[in-house]
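Novice: Once you've had a glance at the structure underneath, I'll fire off some questions.
The values are calculated or read from the model by the stated rules, or taken from the named source; none is laboratory data. Since we're looking at a predicted model, the values are computed, not measured. Cβ atoms come from the backbone with ideal geometry, glycine included; neighbour counts cover every protein chain shown. Accessible surface areas use protein heavy atoms only, side chains included; no ligands, DNA or RNA. Shrake-Rupley method; radii C 1.70, N 1.55, O 1.52, S 1.80 Å.
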Protein chains: 2
Amino acid sequence: MKLDPKTDLKLERTLAAPRALLWECWTTPEHIKQFFVPHPHLVKDCEINLRIGGRFNTVFDVEGNEMKNEGVYLEIVPEEKLVFTDTYSEGWKPSENPFMTAIILLEDAPDGGTKYTAIARHRTPESRQSHEDMGFFGGWGTVLDQLEAYAKTMMR
Amino acid sequence: MKLDPKTDLKLERTLAAPRALLWECWTTPEHIKQFFVPHPHLVKDCEINLRIGGRFNTVFDVEGNEMKNEGVYLEIVPEEKLVFTDTYSEGWKPSENPFMTAIILLEDAPDGGTKYTAIARHRTPESRQSHEDMGFFGGWGTVLDQLEAYAKTMMR
């Protein structure tokens, strides 16, 4: 897909887990809690209504402070593509100050495992930059490490 | 559906045309050109890719000035519900300053024809108010008149 380097961020990696399992991790509240934020932060709660426009809401515990996030799914192609955003809450209610739209792509890797691509699209170059400064690459990279390690425990 | 009177606008009317025909009008470029903006303004061009995230782009002629609009479809339930917005262009590229999200609902009316509901959701009370001040009710009402008259010519 065509990206805009001024407003988009992208992370690619091959993970040692099958697509179907990574998809299950990404779309199930109990699994989301295991990898979705870098430890020692925690996902305290997660609500998923896995349909177009359905809610993807989370509550983080960040050093004892509760952080609520509301979002929706924009596109769902099972085991291939998941698009979600904080631009809306359920019912297509627009957010006043949306931050980003995330696109997760899963493909079979040529030598086994899954080619994993995470894209974050932003409204402005400034919000892209602030996301990078907040630690996009480190943070999303850590999430990938956690996802891979957790998925491996499910493969035993 | 639950609306927020601070940020949403709604127009309801019963139209003397069947749902299937109104759906066809709303989802076909050649028909869109016939009703989508109040005369004497014109739709010069319309591009539709009728799938989730697909483009709904139009070019208006407003007193000789070209006005380009890019948007996407968020939800498509044939003959029942169409959701589109300028919040993204095709490929889930976020717009810097999205204006609104439109929801068109079609139901069979009890005495024939179609109960037609048009909803415009906005990010802030200010953008809702500016939309009302720009003539939401008059403008979208005129569009409904045009849609009904045009659909009737297709029923002959």
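Novice: Being at negative phi, away from every other protein chain (no Cβ under 14 Å), open to solvent by 60 Å² or more (accessible area, probe 1.4 Å) and of a type in the set (D, E, K, R) narrows it down to one of A:GLU79, A:GLU47, so name that one.
Specialist: A:GLU47
Novice: Filter region B:50-62 for residues that are open to solvent by less than 30 Å² (accessible area, probe 1.4 Å) and closer than 19 Å to B:TRP23 by Cβ and give the result.
Specialist: B:GLY54, B:PHE56, B:THR58
Novice: Which of the residues that make up region A:133-155 are surrounded by 16 or more Cβ atoms within 10 Å (Cβ to Cβ) and either within 14 Å of chain B (Cβ to nearest Cβ) or of a type in the set (A, V, I, L, M) (or both)?
Specialist: Result: A:VAL143, A:LEU144, A:LEU147, A:ALA151.
Novice: Identify, please: which residue in region A:97-114 is under 15 Å from the mean Cα position of the chain (by Cα) and more than 7 Å from chain B (Cβ to nearest Cβ) and is, among those, farthest from B:ASP8 (Cα to Cα)?
Specialist: Here the answer is A:LEU106.
Novice: What are the residues in region B:106-115 that are open to solvent by 60 Å² or more (accessible area, probe 1.4 Å) and at positive phi, if any?
Specialist: none
Novice: Something else: Where residues in region A:21-43 are out of contact with any strand residue (DSSP E or B) (no Cβ under 7 Å at 6 or more places or on another chain) and open to solvent by less than 30 Å² (accessible area, probe 1.4 Å), which of them is farthest from A:GLN146 (Cα to Cα)?
Specialist: Applying the filter and picking the extreme gives A:LEU21.
Novice: Sticking with this one: Can you spot a residue in region B:52-63 that is acidic (Asp, Glu) and within 11 Å of chain A (Cβ to nearest Cβ)?
Specialist: No, region B:52-63 contains no residue that is acidic (Asp, Glu) and within 11 Å of chain A (Cβ to nearest Cβ).
Novice: Take A:LEU9 and tell me if it is touching a residue at least 24 places away in the same chain (Cβ under 8 Å), under 28 Å from A:MET154 (Cα atoms) and within 14 Å of chain B (Cβ to nearest Cβ). It would help to see each step written out before you state the result.
Specialist: Details: touching a residue at least 24 places away in the same chain (Cβ under 8 Å): yes; under 28 Å from A:MET154 (Cα atoms): no; within 14 Å of chain B (Cβ to nearest Cβ): yes.
In short, no.
Novice: Go through region A:71-126 residue by residue and tally those that are aliphatic (A, V, I, L, M), under 21 Å from B:MET100 (Cα atoms) and not in a loop (DSSP other than H, G, I, E, B).
Specialist: Adding up the residues that qualify gives 4.
Novice: Right, next: When you go through (1) touching a residue at least 40 places away in the same chain (Cβ under 8 Å); (2) in contact with a strand residue (DSSP E or B) (Cβ under 7 Å, 6 or more places away or on another chain); (3) among the β-branched types (Val, Ile, Thr) one by one for B:THR85, which number turns out not to apply?
Specialist: (1)
Novice: What is the number of the single condition among (1) free of Cβ contacts under 8 Å to residues at least 40 places away in the same chain; (2) open to solvent by less than 80 Å² (accessible area, probe 1.4 Å) that B:ASN65 does not meet?
Specialist: (2)
Novice: Out of region A:1-15, which residues are surrounded by fewer than 15 Cβ atoms within 10 Å (Cβ to Cβ) and within 27 Å of A:GLU47 (Cα to Cα)?
Specialist: Correct list: A:GLU12 only.
Novice: Please specify each residue of region B:82-96 satisfying the condition of being more than 8 Å from every other protein chain (Cβ to nearest Cβ) and open to solvent by 30 Å² or more (accessible area, probe 1.4 Å).
Specialist: The answer is B:ASP86, B:GLU90.
Novice: Out of all the residues in region B:42-50, is one or more among the acidic types (Asp, Glu) and free of Cβ contacts under 8 Å to residues at least 60 places away in the same chain? Steps first, answer last, please.
Specialist: Taking region B:42-50 and keeping what is among the acidic types (Asp, Glu), we get B:45, B:47.
Keeping just the survivors that are free of Cβ contacts under 8 Å to residues at least 60 places away in the same chain gives B:45, B:47.
Yes: one or more hits.
Novice: In region B:116-132, what residues are of a type in the set (Gly, Ala, Ser), within 14 Å of chain A (Cβ to nearest Cβ) and open to solvent by 10 Å² or more (accessible area, probe 1.4 Å)?
Specialist: Hit for region B:116-132 is B:SER127, nothing else.
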